Amino acid sequence: MSKEKNIVLTEEQEAANREAMQGLIENPTRNQILRFIIPSAIGVFIFLCPIWADGNMTIPLGVISNWLAGFTGAAAKQLVFTVVSISCVMSLICTLGKPGFARNEDGLMHSLFVTTPVFLVIRCLGCVVASMLMFGIGPEWIRSADTGGTMQSLMGTLIAWFFAASFLIPLLLEYGIMDYVGTLVRGALRPLFRLPGRAAVDLLASWIGNCNVGVVLTSTQYEEGYYTARESVLIASCFSAVSLPFCLVVAAMLKVDQYFLQFYGILCLVGVLSVVIMCRIWPLNGKYKDEYYAPVGQKINEIEPKGIKKTHWAFAQAVTKAQSGPSFAELMKKGISMFLNILFTLVPVTMCVGTFALILSTYTPVFDWIGTPFRYYFQLLGVPEAAAAAPGAVVGFADQFIPCIICAKIASVKTRFIIGILSLVQIIYMSEVGSIMIASKMPVNILDLIIIFLEKTIIAIPLIVLFTNLFMNF
């Protein structure tokens, strides 16, 4: 292992270095290096490399997931009903009946179907909603294309995304790329966002790729001991953004796609600046502890020993990590386990919470009432048609499409431009991201998400207006 030049180490430092290097591969063979490079390169390509497909910019994971969604789309109603029904029935049996096959806390059946009373009720409600949609019974406000129908279609697509991601996420997590990048960029991420360096790959995958996959990636890292509770909630709530193709869709819906380069540039700029602020205020700074997931504990050490080059330390960690990466058979087994956990725990919760959030948005004036203060906020900042834009500032908490729908008819191009960026910066929405976070093991609840959403909105609006005024000329 190479050392920095002109550094004289004490005996204590030499001893500390030997202890730090214990178990690490200092002089890897060609095969050991390839075991790090090949899976990691494939993972980076699948999750992070922009490509053009069918005339749109996307990532390879998007192409794979959309291809799978083509098979699930026609049977979305039956598929969602089957998944949610199995989850409901088995959760009732395993949680209330406590049969022998579900008593092992480390077993798959326990992790899938033994849950808390609150989530047991939510899974049952999700089953009720799916049953109404399947058989065409019950109130129209539940079965409407704007509420339950939207969620049903969305779940069919998400199942395809989750299936692909479950088998591919280990390429980023298990073969050393996050350890390598984390050690190299720790010096930048820690002062900016108060996050470990390994989060860099997660942040990019979450920002460029699918937002739901980003939340699952972050949740997995938390459960495996690589993020603290605070770090996991911060990343999931502030970086799990929508994919680049979705940004194009939003811009097109609001008829500002001719300004897409400026649109996306301001979105990224505001996204970064808002997180710099958000990570330093409550609840993301103060409520969640810097403690690792209890059953696992801390599994991260990015600080290189004194006198050893950072690049060499990062490479040794990455190569060593790759040697313990799963074989193909283990990769398949882990993928199946991850997919089943997502299928039977996240899908029912998302179906229930997302549907009722859309009901509130579509059939009640709740979001109009909440949006009233934002009318004055927009007026203060000189945003045209402030009254029409105000509901769009808060309705995104239910679903990210709704601000675009209700603000598409606003005459002012500037206001549509601002609302489009705001809807993408807000990130948390209960039809997908929020529900998945609540269903995960991250220590977050719906009240936390409401507070984070409102804080992000209040912080982002003046930044968006400022940069729009600076860089655009409407």
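The values are calculated or read from the model by the stated rules, or taken from the named source; none is laboratory data. Quick caveat, the model's predicted, so the values are computed rather than measured. Using ideal geometry, Cβ is built from the backbone for each residue, glycine included, and neighbour counts are taken over all protein chains shown. Areas reflect the complete protein model, heavy atoms only, side chains present, ligands, DNA and RNA absent. Shrake-Rupley method; radii C 1.70, N 1.55, O 1.52, S 1.80 Å.
Take the conditions open to solvent by less than 50 Å² (accessible area, probe 1.4 Å), touching a Cys at 6+ places or on another chain (Cβ under 9 Å), at pLDDT below 90 and not in a helix (DSSP H, G or I) and apply them to V242. Does it pass?
Values: open to solvent by less than 50 Å² (accessible area, probe 1.4 Å): yes; touching a Cys at 6+ places or on another chain (Cβ under 9 Å): yes; at pLDDT below 90: yes; not in a helix (DSSP H, G or I): yes.
The answer is yes for V242.
I'd like the residue in the stretch 163-192 that is farther than 20 Å from N341 by Cα and among the charged types (D, E, K, R) and, out of all such residues, is least open to solvent (accessible area, probe 1.4 Å).
Within the stretch 163-192, the subset farther than 20 Å from N341 by Cα is 175-192.
Filter once more, so that each one left must be among the charged types (D, E, K, R): 179, 186, 190.
Details: D179: 28, R186: 73, R190: 82 Å².
It comes out as D179.
For the stretch 282-310, how many residues are modelled with pLDDT under 80 and polar (S, T, N, Q)?
Matching residues across the stretch 282-310 total 2.
Please list, ordered by first then second residue, the pairs with beta carbon atoms under 6 Å, 6 or more apart or interchain, first in the stretch 319-334 and under 9 Å from G176 (Cβ atoms) and open to solvent by less than 70 Å² (accessible area, probe 1.4 Å), second of a type in the set (A, V, I, L, M, F, W, C) and modelled with pLDDT under 90.
Short answer, once both residue conditions are applied: V319/I25; T320/L24; T320/I25.
Being open to solvent by 60 Å² or more (accessible area, probe 1.4 Å) and among the β-branched types (V, I, T) is the filter; apply it to the stretch 75-88 and report the residue that is nearest to I122 (Cα to Cα).
Of the residues in the stretch 75-88, the ones open to solvent by 60 Å² or more (accessible area, probe 1.4 Å) are 77-78, 82, 86.
From the residues that got through so far, the ones that are among the β-branched types (V, I, T) too are 82, 86.
Working: T82: 16, I86: 14 Å.
In this case the residue turns out to be I86.
Go through P391, P403, P373 for me and flag whichever is crowded, with 19+ Cβ neighbours inside 10 Å, without any contact (Cβ under 8 Å) to a residue 24 or more places away in the chain and not in a loop (DSSP other than H, G, I, E, B). Quick ask: steps written out before the conclusion?
Details: P391 fails: without any contact (Cβ under 8 Å) to a residue 24 or more places away in the chain; P373 fails: crowded, with 19+ Cβ neighbours inside 10 Å.
From the options P391, P403, P373, the qualifying one is P403.
Test L154 against the stated conditions and say whether it is open to solvent by less than 70 Å² (accessible area, probe 1.4 Å) and either free of Cβ contacts under 8 Å to residues at least 60 places away in the same chain or aromatic (F, W, Y) (or both). Quick ask: steps written out before the conclusion?
Values: open to solvent by less than 70 Å² (accessible area, probe 1.4 Å): yes; either free of Cβ contacts under 8 Å to residues at least 60 places away in the same chain or aromatic (F, W, Y) (or both): no.
Criteria not met by L154.
So, T72, is that one modelled with pLDDT under 80 and either assigned to a helix (DSSP H, G or I) or within 18 Å of C127 (Cβ to Cβ) (or both) or not?
yes
Provide a single number: the residues in the stretch 97-141 that are charged (D, E, K, R) and open to solvent by less than 30 Å² (accessible area, probe 1.4 Å). Outline the logic, then answer.
Keep residues of the stretch 97-141 that are charged (D, E, K, R), which gives 98, 103, 105-106, 123, 140.
The next check asks that each one be open to solvent by less than 30 Å² (accessible area, probe 1.4 Å); those that pass are 123.
Here the count works out to 1.
Residues of the stretch 344-370 being without any contact (Cβ under 8 Å) to a residue 24 or more places away in the chain and in contact with a Ser or Thr (Cβ under 8 Å, 6 or more places away or on another chain), which ones?
Passing the criteria: none in range.
What number of residues in the stretch 193-219 are open to solvent by less than 20 Å² (accessible area, probe 1.4 Å) and part of a helix (DSSP H, G or I)?
Final tally of qualifying residues: 17.
Condition first: touching a residue at least 40 places away in the same chain (Cβ under 8 Å) and either closer than 22 Å to E231 by Cα or of a type in the set (K, R) (or both). Now tell me which residues in the stretch 406-428 satisfy that.
From the stretch 406-428, those touching a residue at least 40 places away in the same chain (Cβ under 8 Å) are 407-408, 412-414, 416-425, 427-428; that's our starting set.
The answer is K414, R416, L424, V425, I427, I428.
Does the stretch 39-57 hold any residues that are out of contact with any Phe, Trp or Tyr (no Cβ under 8 Å at 6 or more places or on another chain) and either touching a residue at least 40 places away in the same chain (Cβ under 8 Å) or open to solvent by 80 Å² or more (accessible area, probe 1.4 Å) (or both), and which are they?
First, pick out the residues of the stretch 39-57 that are out of contact with any Phe, Trp or Tyr (no Cβ under 8 Å at 6 or more places or on another chain): 41-42, 44-57.
The answer is I42, V44, F45, I46, F47, L48, P50, W52, D54, N56, M57.
Restricting attention to the stretch 411-463, report how many residues are among the aliphatic types (A, V, I, L, M), open to solvent by 10 Å² or more (accessible area, probe 1.4 Å) and closer than 15 Å to P391 by Cα. Give the steps one after another, and end with the answer.
Quick first cut of the stretch 411-463, residues among the aliphatic types (A, V, I, L, M) only: 411, 413, 418-419, 421-422, 424-425, 427-428, 430, 433, 436-439, 442, 444, 446-447, 449-452, 454, 458-461, 463.
Filter once more, keeping what is open to solvent by 10 Å² or more (accessible area, probe 1.4 Å): 411, 413, 438-439, 444, 446-447, 450-451, 454, 458-459, 463.
Remaining after also requiring closer than 15 Å to P391 by Cα: 454, 458.
Residues meeting the conditions: 2.
Against the condition surrounded by 21 or more Cβ atoms within 10 Å (Cβ to Cβ), hydroxyl-bearing (S, T, Y) and in contact with a Leu (Cβ under 7 Å, 6 or more places away or on another chain), how does T345 come out, does it pass?
Working: surrounded by 21 or more Cβ atoms within 10 Å (Cβ to Cβ): yes; hydroxyl-bearing (S, T, Y): yes; in contact with a Leu (Cβ under 7 Å, 6 or more places away or on another chain): yes.
Taking the combined requirement at face value, the residue satisfies it.
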